[in-house]
Amino acid sequence: MLFNSLNFAVFLPIVFILYWLIFKRSLKWQNVLLLVASYVFYAWWDWRFLSLIALSTLVDFIVAKQLDKQEKTRIRKLLLMVSLAFNLGMLTFFKYFNFFIESWVEAWQLSGVQMEVSTLKIILPVGISFYTFQTLSYTIDVYRGNLKSTSNFIQFASYVAFFPQLVAGPIERAKNLLPQFRNHRIFNSDFALSGFYLIVWGLFKKVVVADNCAFFVNQIFDGAGGYSSAELFMGSVLFGFQIYGDFSGYSDIAIGVARLFGFSLMTNFSFPYFSRDIAEFWRRWHISLSTWFRDYLYIPLGGSRGTMWLRIRNVLIVFIVSGFWHGANWTFIVWGGIHAVLFLPLLIRQKNRTYLHETRIGVNHLPRILLTFILVCLAWVFFRADTLSIAMTMLRDIFSFNSGALGLFYSSSKSLLFSAITAFGILVLLWYELRTVQKNKREVMLSTYQTIWIAVLIVFMGVYKNPSDFIYFQF
Amino acid sequence: MSLFLKRIGFILLVFTGVSLLVSFASLWAMRQGSFYKPSFLENQVEAPSFDYIVLGSSTGLTTLNTRVIDSVLGTRGLNLAMDDTALSSQYLMLEHFIATGKQAKTCILAASLLDYDVVHTRLSGNDYRFLPYGSRDYVQDYYDSFSGNSARVLSCSKWFPMIGVGYYNAELFYPSLISLFDPQKRNRFDAFGNYSYPVTLKSSEPIKGRHELAMEFQNPYIERIQDLCIKHNIQLVVYLPPHKQIAAHPIETSFQIINHSAILQDTRYFYDVLHVNALGRQKVSLRFAQEAADLMGL
């Protein structure tokens, strides 16, 4: 079920009414309702893959219970391995199996050996990368002794499948979300309203910004070429706004929906395009994933301890694995690698924490913000392109500076119209974000009248006839 | 909870009010302009009666030039064909034409060749162009007769026009702004409703081996158009436009047919497989004028 669908517009009020009016007095039944609603939400896409979520839930529930009982390190390690093997095995099979086979065959072909290997037709279950990481964080935290295992299966299953963030995050830690399923929830009007406002803002980002950008991005990236350097560069910039509007819009809706049910989810995006260097960008972009990798990969690898070479190795590994997490394609690995290359000079010069505490953004930061934004957009080319060769060709054409013509954006009345809508949507987005950043707030907080204005913009500027799926569903 | 519900209620109320206001204004602006054919017919076409009108899809729009035909025959014609429309839309356009109080002696139906035998009809891509007249019964009945998302959207727009205007915002809301500032602005057709494709092909090659297509006119809207014509004393002439790959062979029918599907023998007359270019249009319109003179009793 998509957040921007009519089905969800019917589903959400029904669950909300049942939750707060019928099951208001019973925590247990509220959790059962959330679990059932979450499974219905997921089954709307493909009910067959519900079994994977249920299985993952069951395995991690049992493993965590056993971890709490066991004191022998060897057995505890073994139990952790069971959870890792199951979750990562499932992820590898559904997401990476064909990639590994194809890469293996291509590697042999490069050395002149022809191989005939058939791949499997595997459907990627929506959200598998998100919920496997969420359940893994629970098991690892229990293993580390940072969290007590839960004995309430319904609470745990609701935590794993919590529908607002099930298919595209934020990837919540058990430490933050699980206790919220244990506590009795009291309806807070202001909190719920802030959630409603965030839903409207998230819909604006998705339906107005991302989907209008997609009109040009799809032409440029899926087209047969022949675009000028300036058009290709604009394509990468618009994809930057598309993926941001799409993904952060989804996160905002998820956080907003969770608030309607009395849950607080972590901030996933904190105005990343106002970052002044790549290090700051990664503190603002997909925060739930970058902190997951920090806590469960970077720090276990040694983090920023040890020699400079070890630190460089750790950063490289984290960025490349992070890129690979996004998809089974070399383009994502290269994308991760590029970010590592952009990050490493800051690490070596020990400048990667320059803006950690300097949250206030001034006009003097504009050149740095622009430079970071352009670098991020150029890296997005690898993220969006279907193959490495397409991405390389596109970057080569951008840097050939062959022409500054931007005919694609005004050659017909339709493209001129979409250019105007897209530009206006992006300006509205940046305007509200800039005001929020200047106030040092974590999220855009709309007033009642601003919400109405944004809702009207959604109706008259959104894309409805040919809407795009949320990009992160494929991850 | 009551504070939350009050605030949400207030937001929904104001939002609905503003959206309704904007969409009603948008549809009103469309009705004052001439951007699409339905409002062009209402606002820019002053003559009360015509010797013939052309109904059809993009093939009708770009094949028959009423200026050429009228200069040869001394008639008064009007091209009401719209691109990306099916026979069902042509039926709706005929109803719309009649509803405006105008009259025509002959109706030239110039739909796509393949459309005549479509049995299961669907809403056409450009039927939203009638939405400014959605409060009229014949338009509402038409939208109600189809299933699917787009049809539901248009059908619901009678009471909640923001659904239709929002869904088709690029096609209705923004053009309504144009209509507001320039009511004379037309969307790619001239003062007689004609449009032509440019000559882009430089090569000239003979066309060989067209597929034979037997036409039985099974589309239910043919009969409805015919009935409507009879009811309003309009002569129906079906025109089969030139096609690069198809030679049509219609069965015997009760209406007159002008079959030009295979009259052009050179690729230089075509813009693409389905459509003639400006050269082809000129040639075909002249030929049509010769043949139609007898049929129209001129």
* With the range A:168-229 as the region, which helices (runs of 4 or more DSSP H) entirely inside it contain at least 2 residues that are among the small types (G, A, S) and within 13 Å of chain B (Cβ to nearest Cβ)? -> A:189-203
* To do: Please enumerate the residues belonging to the range B:159-189 that are more than 10 Å from chain A (Cβ to nearest Cβ) and free of Cβ contacts under 8 Å to residues at least 24 places away in the same chain.
  => B:W159, B:F181
* Asked: Is it the case that B:T121 is of a type in the set (S, T, N, Q) and assigned to a loop (DSSP other than H, G, I, E, B)?
  -> yes
* State which residue is farthest from A:G362 (Cα to Cα) when the search covers only the range A:434-465 and only residues that are in a loop (DSSP other than H, G, I, E, B) and more than 14 Å from every other protein chain (Cβ to nearest Cβ). => A:M445
* Structure fact -> The helices (runs of 4 or more DSSP H) lying entirely within the range A:249-349 that contain at least 2 residues which are farther than 18 Å from A:T132 by Cβ and of a type in the set (V, I, T) are A:308-326, A:330-348
* **Tally, over the range B:25-60, of residues that are under 16 Å from the mean Cα position of the chain (by Cα) and more than 16 Å from B:L131 (Cβ to Cβ)** => 10
* Being touching a Pro at 6+ places or on another chain (Cβ under 8 Å) and within 10 Å of chain A (Cβ to nearest Cβ) is the filter here, so list the residues in the range B:6-25 that pass it. => B:S23
* To do: For the range B:142-155, name all the residues that are more than 18 Å from A:D211 (Cβ to Cβ) and either within 11 Å of another protein chain (Cβ to nearest Cβ) or touching a Lys or Arg at 6+ places or on another chain (Cβ under 6 Å) (or both).
  => B:R152
* Of the criteria (1) in contact (Cβ under 8 Å) with a residue 40 or more places away in the chain; (2) surrounded by fewer than 16 Cβ atoms within 10 Å (Cβ to Cβ); (3) in contact with a Lys or Arg (Cβ under 7 Å, 6 or more places away or on another chain), which one A:L67 fails -> (2)
* Tell me, please, whether a residue that is over 11 Å from the mean Cα position of the chain (by Cα), at pLDDT 95 or above and surrounded by fewer than 21 Cβ atoms within 10 Å (Cβ to Cβ) can be found in the range A:232-249. => yes
* Condition met for B:D137 (farther than 22 Å from B:F173 by Cα, free of Cβ contacts under 8 Å to residues at least 12 places away in the same chain and of a type outside the set (S, T, Y)) -> yes
* Is there a residue being surrounded by 12 or more Cβ atoms within 10 Å (Cβ to Cβ), modelled with pLDDT of 90 or more and not acidic (D, E) anywhere in the range A:355-362? -> no
* Asked: Within the range A:445-465, can one find any residue that is in contact (Cβ under 8 Å) with a residue 60 or more places away in the chain, basic (K, R) and either in contact with a Gly (Cβ under 7 Å, 6 or more places away or on another chain) or closer than 29 Å to A:M1 by Cβ (or both)?
  -> no
* Asked: Checking A:L35 against (1) of a type outside the set (S, T, N, Q); (2) surrounded by 19 or more Cβ atoms within 10 Å (Cβ to Cβ); (3) over 30 Å from A:N188 (Cβ atoms), which test does it fail?
  -> (3)
* Structure fact -> The number of residues in the range B:192-206 that are surrounded by 13 or more Cβ atoms within 10 Å (Cβ to Cβ) and either polar (S, T, N, Q) or over 13 Å from the mean Cα position of the chain (by Cα) (or both) is 6
* Give the residue, chosen from A:F399, A:F382, A:F424, A:F409, that is out of contact with any Gly (no Cβ under 8 Å at 6 or more places or on another chain) and within 14 Å of chain B (Cβ to nearest Cβ). => A:F424
* Asked: Out of (1) outside any loop (DSSP other than H, G, I, E, B); (2) in contact (Cβ under 8 Å) with a residue 40 or more places away in the chain; (3) more than 14 Å from chain A (Cβ to nearest Cβ); (4) not β-branched (V, I, T), what's the single condition that is false for B:S34?
  -> (1)
* Asked: Assuming A:S304 fulfils every condition listed in (1) surrounded by fewer than 18 Cβ atoms within 10 Å (Cβ to Cβ); (2) at positive phi; (3) not aliphatic (A, V, I, L, M) apart from one, which condition is it?
  -> (2)
* Take the range B:240-298 and flag every residue that is free of Cβ contacts under 8 Å to residues at least 60 places away in the same chain and assigned to a helix (DSSP H, G or I). => B:Y269, B:K283, B:R287, B:E291, B:D294
* **Residue within the range B:205-217 that is away from chain A (no Cβ under 13 Å), more than 30 Å from B:F270 (Cβ to Cβ), out of contact with any strand residue (DSSP E or B) (no Cβ under 6 Å at 6 or more places or on another chain) and in contact (Cβ under 8 Å) with a residue 60 or more places away in the chain present** => no
* To do: Can you tell me which residue among A:K65, A:K24, A:K95, A:K28 is within 14 Å of chain B (Cβ to nearest Cβ) and either in a helix (DSSP H, G or I) or out of contact with any strand residue (DSSP E or B) (no Cβ under 8 Å at 6 or more places or on another chain) (or both)?
  => A:K24
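Residues checked against (1) modelled with pLDDT of 95 or more; (2) more than 18 Å from the chain's Cα centre (by Cα):
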site: B:R188; (1), (2): no, no
site: B:K208; (1), (2): no, yes
site: B:A214; (1), (2): no, yes
site: B:I225; (1), (2): yes, no
site: B:I251; (1), (2): no, yes
site: B:S254; (1), (2): no, yes
site: B:H260; (1), (2): yes, yes
site: B:L274; (1), (2): no, no
* Restricting attention to the range A:395-414, does a residue exist that is without any contact (Cβ under 8 Å) to a residue 12 or more places away in the chain and touching a Leu at 6+ places or on another chain (Cβ under 7 Å)? -> yes
* When the residues of the range B:37-54 are filtered to those that are touching a strand residue (DSSP E or B) at 6+ places or on another chain (Cβ under 8 Å) and hydroxyl-bearing (S, T, Y), which remaining residue is nearest to the other protein chains (Cβ to nearest Cβ)? -> B:Y52
* To do: Report the residue count in the range B:41-66 for those that are small (G, A, S), at negative phi and not in a loop (DSSP other than H, G, I, E, B).
  => 3
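The values are calculated or read from the model by the stated rules, or taken from the named source; none is laboratory data. In this text the structure is predicted, and so the values were computed from the model without any measurement. Neighbour counts are summed over all protein chains in view; Cβ atoms, including those assigned to glycine, are modelled from backbone coordinates with ideal geometry.
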